[in-house]
There are 2 protein chains.
Amino acid sequence: MTKNIRIGLVGYGNIGKGVELALDKFPDMEGIAVFTRRNPEELDSKFKAVSLDHILDYKDQIDVLILCGGSATDLPEQGPALAKHFSTVDSYDNHNNIPHYFKEMNTSAKIANQVSIISVGWDPGLFSINRAILESVLPGGETYTFWGKGLSQGHSDAIRRIDGVKAGVQYTIPIEKSLEQVRSGENPELSTREKHERVCYVVTEEQADKKLIEKTIKTMPDYFEPYETTVHFINEETFKKDHKKMPHGGFVIRTATSGNENKQKAEFQLELESNAEFTSSILVAYARAAVKFKQDGKAGAFSVLDVPPAYLSAKTSEQLRKELL
Amino acid sequence: MTKNIRIGLVGYGNIGKGVELALDKFPDMEGIAVFTRRNPEELDSKFKAVSLDHILDYKDQIDVLILCGGSATDLPEQGPALAKHFSTVDSYDNHNNIPHYFKEMNTSAKIANQVSIISVGWDPGLFSINRAILESVLPGGETYTFWGKGLSQGHSDAIRRIDGVKAGVQYTIPIEKSLEQVRSGENPELSTREKHERVCYVVTEEQADKKLIEKTIKTMPDYFEPYETTVHFINEETFKKDHKKMPHGGFVIRTATSGNENKQKAEFQLELESNAEFTSSILVAYARAAVKFKQDGKAGAFSVLDVPPAYLSAKTSEQLRKELL
């Protein structure tokens, strides 16, 4: 297969590195350059490292930019600015702000006559697709999303900001009893506390007040207070040995009764040893879809819900019908 | 919501009846008529029953025809004939013949300037979507499909054709050990016998030779011979009490390693108390997509792989982004 889709990466954190690794497995795609706000010479990428200031010089050499920055500060700024010049794919995941971000990206992409696919990944992303398809084919039921077992970056950061904490991670764990209740088709109403619990592993400074740290974690509003939270204090070696991976996953479950009161259940599950690498790989597949949208003459912003499954594949429609239908 | 999508049903077997029931749960859709080859007066439908001979009189009253016939003889004949006049949705599931059927439907639909979505249901259908998406976002892995626990209509029919058999059903059951092997990411090569077993419940005539019947079942080529098959002889009351439902389900599992040898697993599961009612409900949702394709100015045949998830929903794109992304 010829490598006919030329990809640029913006940013070289977890997602950028994941995209670099993922591109090896996509036979029709080629990484051209990584654009960075840092000194390009400091980047250890196998792709050409280029200062973000010079990105417009690459307009003719790149088909799709994969925006690898975070949703808090990078994407709200970079997204609408870069979408004025390039087709883009990003993993914008600030759920509440997606309608606003979509509008901005849509305006930029239409100016550029390019395509921007936003909020790509697994949630938002594959989970959204499952929620949309399942509520459509099984109307009158209930959809539940559970996350975990997985490491939550935001909650781990919150722990690490506490005085006396040297290192810490937080795992979100779905509560098995509630999962089973949902799967049984009972359609339970579940409170926040009933859906997930939070388990923390913390390394403290030698003199730290562990009682106080534990209390500070457990009473932290929004992050931990609404949940059953467990805090384990561990030493640094254990931390390095057991808590360096970034696993995640989750469940989308829909149950409904159809016709003559027959119970129907559909469930989508993910179990990921590397959250970032999975998100990165999904981003690369959607870059392919962006190219197909351009070939269709489309311009503007789109979400994963607008993308036909076939557009993610390197196979032709004939192949897909023959092999996968 | 106004009922602005007008549906015609062709055929009134399990799927036709399922579509009739399902339509109640789709607030934007209305059943106009059931078209039948039987005497319309014999049909016990709440929709108007009309002889199939008069279907062309309804061209202006129907937006999408849902073809509820079987893949063996009904659809190969009715599909291409009706697609010359109506937009259609069908559940054509003869896997090997899908490319040919697609071509015929595409030709007809283009003559009519209408839209035909073929092979809608769960396999082909939702399972195909999962296979396509998952192999695209997790390249370099392996996809497995298991079916069951579920009642197989074709295999049950095969049992009932044996001399001395009064009633019989066959359940396809995925072999748990193989499922676990797949989930572990081992990428096993599984033979037919290793993936599924077949369990039969049979009611015989009083004088029947049970030994012979059991042997006839177990050695039946293609249907049973390649599998571990168990035959249970039961009496008629037990049969009526325990084996009147048509449950089914199954699993699509993809495992792959990404980037730095991290294991990733995605799985889609169905557990259905009524196979026919679920398929019917999916058909109705795809009728909605056919209408949207028409609004886009499209014509021709499409499969589920061509349909953006948003097209299945009664919600607007704005609502979907806000609620489901």
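With all pairs of different alpha carbon atoms counted, what Kirkwood hydrodynamic radius in Å does the stretch B:188-246 show? Please list the in-between numbers first.
Values: mean 1/r = 0.0774 Å⁻¹.
Kirkwood hydrodynamic radius for the stretch B:188-246: 12.9 Å.
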Checklist line | Label 7 Å beyond Cα on the Cβ vector: A:N96 copy-to-copy distances, nm | finding: 5.8
Note to self: With unit charges on the beta carbons (Lys and Arg positive, Asp and Glu negative) and the dipole taken about the Cα centre of the stretch A:274-325, which residue among A:L305, A:A287, A:L320 sits farthest to the positive side?
What the structure shows: A:L320
Item checked: Chains A and B, summed buried accessible surface - 1.4 Å probe, Å², nearest 100 -> 5800
Next item on the list: Please identify, among A:S119, A:S51, A:S136, the residue showing maximal mean-square fluctuation in a Gaussian network model of chain A using a 10 angstrom Cα cutoff.
Entry: A:S136
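In a shell of Cβ-Cβ distance under 10 Å around A:V199, excluding A:V199 itself, what net charge do Lys and Arg (+1) and Asp and Glu (-1) give? Intermediate results must be reported in sequence, preceding the final value.
Values: positive: A:K149, A:R198; negative: A:E197, A:E228.
It works out to a net charge of 0.
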Margin query: Over chain A, with a Gaussian network built from C-alpha contacts below 10 Å, which listed residue (A:E237, A:E186, A:E271) shows the highest mean-square fluctuation?
Written below: A:E237
Margin query: Defining the label point at 7 Å along Cα→Cβ, can you sort the distances from A:E261 to the same site in each other copy, shortest first, in nm?
Written below: 5.5
Next item on the list: Averaged over every viewing direction, what's the projected area of the C-alpha convex hull for chain B? Give it in nm², one decimal, please.
Entry: 19.6
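Leaving ligands, DNA and RNA out of it, report the carbon-plus-sulfur percent of the accessible area of chain B at a 1.4 Å probe.
On the way: 6430 of 14140 Å².
Here it works out to 46 percent.
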Next item on the list: Report, for B:Q319, each distance to the same residue's label point in the other copies, shortest first and in nm; define the point 7 Å along Cα→Cβ.
Entry: 3.8
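Taking the Cα centre of the protein assembly as shown as the origin, how large is its charge dipole in debye, to the nearest 20, when only Lys and Arg (+1) and Asp and Glu (-1) carry charge on their Cβ atoms?
On the way: 80 positive and 92 negative charges, 160 e Å.
The dipole magnitude comes to about 760 debye.
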Check: With a sphere of radius 12 Å drawn around the Cβ of A:K59, what net charge do the other residues whose Cβ falls strictly inside it have (Lys, Arg +1; Asp, Glu -1)?
Finding: -1
Check: Hey, how many Å between the Cα centroid of the stretch B:162-238 and the Cα centroid of the stretch A:56-108?
Finding: 54
Item checked: Semi-axes of the equivalent ellipsoid for the stretch A:29-136, Cα gyration tensor, largest first, Å -> 26, 16, 13
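Report the per residue volume, in Å³, of the convex hull enclosing the C-alpha atoms of the stretch B:86-223. Kindly include the intermediate steps, with their values, before the conclusion.
Working: hull volume 20.4 nm³, N = 138.
Looking at the stretch B:86-223, the number lands at 148 Å³ per residue.
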Check: Considering only protein heavy atoms, what is the solvent-accessible area of B:Y58 at a probe of 1.4 Å, reported in Å² to the nearest 10?
Finding: 30
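For chain B, what is the calculated [θ] at 222 nm in deg cm²/dmol (nearest 500), taking -39500 (n - 2.57) for each run of four or more DSSP H residues and dividing by its residue count? Let's see the in-between values first.
Working: 11 runs with 111 residues, N = 325.
Result for chain B, helices only: -10000 deg cm²/dmol.
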Notebook entry, point to check: Under DSSP H, which helices of chain B have Cα atoms covering 15 Å or more of the helix axis and a Kyte-Doolittle average no less than 0.0?
Noted result: B:126-137, B:275-295
Item checked: Dipole of the stretch B:147-265 [Lys/Arg +1, Asp/Glu -1 at C-beta], most positive-end residue of B:P221, B:T255, B:P174 -> B:T255
Next item on the list: Just name one of B:S108, B:N130, B:T143: the one whose Cα is farthest towards the positive end of the charge dipole of the stretch B:108-185 (beta-carbon charges, Lys/Arg +1, Asp/Glu -1).
Entry: B:S108
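With +1 on each Lys and Arg Cβ and -1 on each Asp and Glu Cβ, how big is the dipole of the stretch B:145-187 about its Cα centre, in debye rounded to the nearest 20?
On the way: 6 positive and 5 negative charges, 38 e Å.
In total the dipole reaches around 180 debye.
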Notebook entry, point to check: Per residue in the stretch B:263-286, which ones lose no less than 40 Å² of accessible surface when going from chain alone to all protein chains (1.4 Å probe)?
Noted result: B:K263, B:Q264, B:K265, B:E267, B:F268, B:Q269, B:E271, B:E273, B:E277, B:F278
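With a 1.4 Å probe and all protein chains left in place, how much accessible area per residue does the protein assembly as shown have, in Å²?
43
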Next item on the list: Calculate the tail of P(r) for the protein assembly as shown: the fraction of all Cα-Cα distances greater than 50 Å, expressed in %.
Entry: 16
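May I ask you to derive the relative contact order of the stretch B:150-246, considering only C-alpha pairs under 8 Å and at least 6 residues apart, and to give it as an integer percent? Please report the intermediate quantities before stating the final value.
Details: 140 pairs, mean separation 29.2, N = 97.
With pairs under 8 Å counted, the relative contact order is 30 percent.
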Check: Spin-label point model (7 Å from Cα, Cβ direction): what's the A:E236 to B:R161 distance in nm?
Finding: 7.4
Notebook entry, point to check: By the scheme Lys and Arg +1, Asp and Glu -1, what is the net charge of all other residues having a beta-carbon under 15 Å from that of B:G250?
Noted result: -1
Margin query: Give me the residues in the stretch A:298-325 whose solvent-accessible area, probe 1.4 Å, is reduced by at least 50 Å² once all protein chains are included instead of the chain isolated.
Written below: A:L305, A:P309, A:R321, A:L324, A:L325
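What's the magnitude of the charge dipole for the stretch B:150-246 around its Cα centre, counting Lys and Arg as +1 and Asp and Glu as -1 at the beta-carbon? Answer in Debye, nearest 20. Mind dumping the intermediate values first?
Numbers: 16 positive and 18 negative charges, 53 e Å.
I would put it at about 260 debye.
The values are calculated or read from the model by the stated rules, or taken from the named source; none is laboratory data. Remember, predicted model here, so these are calculated numbers, not experimental data. Cβ: placed from backbone, ideal geometry, glycine included. Neighbour counts: every protein chain shown. Note: accessible area is taken over every heavy atom of the protein model, side chains too, but ligands, DNA and RNA are not part of it. Shrake-Rupley method; radii C 1.70, N 1.55, O 1.52, S 1.80 Å.
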